[in-house]
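A.B. asks: Below is the structure I would like to discuss, written out as structure tokens.
The values are calculated or read from the model by the stated rules, or taken from the named source; none is laboratory data. Quantities reported herein were computed from a predicted structural model and do not represent experimental measurements. Virtual Cβ from ideal backbone geometry, glycine too; neighbours counted across all protein chains shown. Ligands, DNA and RNA are excluded from the accessible area calculation, which covers all protein heavy atoms including side chains. Shrake-Rupley method; radii C 1.70, N 1.55, O 1.52, S 1.80 Å.
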Amino acid sequence: MENKVNTTGRRKEAVAKVFLSLGTGNIVINGKRLDEYFPLLNLQARVLAPLEVTENLKLYDVKIKVLGGGISGQAGAAALGIARALVETDEKFRATLKKKGLLKRDPRMVERKKYGRRKARKSPQYSKR
């Protein structure tokens, strides 16, 4: 088991650099506590999911630097980074995390805007007469 692990997680436009080390369960994101950075409980749960599934919530300290994207994408990127770091520390976590779908990168991205349209698919109002 390694003492310190660095990994990267991505979701949409967000990139999370995760630094995992043995500790007491402290989670710091961009210099703030988890509940300060992600005030919504569902986002906190998404970030903590890999640690809860592997039952390592109080065993590791996690430091995350998140750049780009929105709050939801950042939470997803952080979760993927934590899951990858846990697999690097101990390979036996891979089966558990893979079963819960926490090791798969979400490939969905925002569809680009097309010309003649208001957004990617929204058209201007059509009037027959």
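A.B. asks: Using helices alone, I'd like the mean residue ellipticity at 222 nm for the chain: each DSSP H run of four-plus residues gives -39500 (n - 2.57), total over residue count, nearest 500.
C.D. replies: Counting only the DSSP helices, I get -10000 deg cm²/dmol.
A.B. asks: FRET efficiency for Arg108 and Lys58, Cβ-Cβ distance as r, R0 = 35 Å, nearest 0.05?
C.D. replies: 0.60
A.B. asks: Given region 1-103, what whole percent of its Cα pairs are spread farther than 23 Å?
C.D. replies: In whole percent, the long-distance tail amounts to 14.
A.B. asks: Enter the angle in degrees (range 0 to 90, nearest 10) between the Cα long axis of helix 41-53 and the first principal axis of the Cα atoms of the chain, meaning the one along which they spread out most.
C.D. replies: 40
A.B. asks: Quick one: 3J(HN,Hα) in Hz for region 27-39, Karplus 6.51/-1.76/1.60 with θ = phi - 60°, rounded, Gly and Pro as x.
C.D. replies: Computed from phi, the couplings for region 27-39 are 10, 10, 10, 6, x, 10, 5, 4, 6, 7, 6, 10, x Hz.
A.B. asks: Turning to a different aspect of this structure: Among 95-103, 115-123, 59-67, how do they line up from the highest to the lowest mean number of other beta-carbon atoms within 10 Å?
C.D. replies: Top of the packing list down: 59-67, 95-103, 115-123.
A.B. asks: Roughly speaking, to the nearest percent, how much of region 15-129's 1.4 Å accessible area is carbon and sulfur?
C.D. replies: Ligands and nucleic acids excluded, carbon and sulfur give 54 percent.
A.B. asks: While we're on this one: Size of the dipole of the chain about the Cα centre, Lys and Arg at +1 and Asp and Glu at -1 on the beta carbon, nothing else charged, in debye to 20?
C.D. replies: Charge dipole, the chain, about its Cα centre: 1480 debye, nearest 20.
A.B. asks: If you take every DSSP beta bridge fully contained in the chain, what fraction is antiparallel? Give it as a percent rounded to 5.
C.D. replies: Just about 85 percent of them are antiparallel.
A.B. asks: In addition: Keeping all protein chains in place, calculate the accessible area per residue for the chain (probe 1.4 angstrom), answer in Å².
C.D. replies: Here the per-residue accessible area is 67 Å².
A.B. asks: Hey, another quick one. Pairs Lys32/Lys114; Lys65/Lys122; Lys4/Lys99; Lys12/Lys98; Lys99/Lys119; Lys4/Lys65: which are spaced more than 27 Å apart, C-alpha to C-alpha?
C.D. replies: Lys32/Lys114; Lys65/Lys122; Lys99/Lys119
A.B. asks: All other residues with a Cβ under 13 Å from the Cβ of Ile29 taken together, and with Lys, Arg as +1 and Asp, Glu as -1, what is their net charge?
C.D. replies: Taking every other residue near Ile29 into account, the sum is +3.
A.B. asks: Under the Karplus relation 6.51 cos²θ - 1.76 cosθ + 1.60, θ = phi - 60°, what is the ordered set of whole-Hz ³J(HN,Hα) values for region 79-96, x standing for Gly and Pro?
C.D. replies: 4, 5, x, 5, 4, 5, 5, 5, 5, 5, 6, 8, 5, 5, 6, 4, 4, 5
A.B. asks: Test of understanding: what is the full-extension gain from Lys122 to Val28, defined as 0.36 nm times their sequence separation minus their Cα-Cα distance?
C.D. replies: Gain in length upon complete extension: 29.9 nm.
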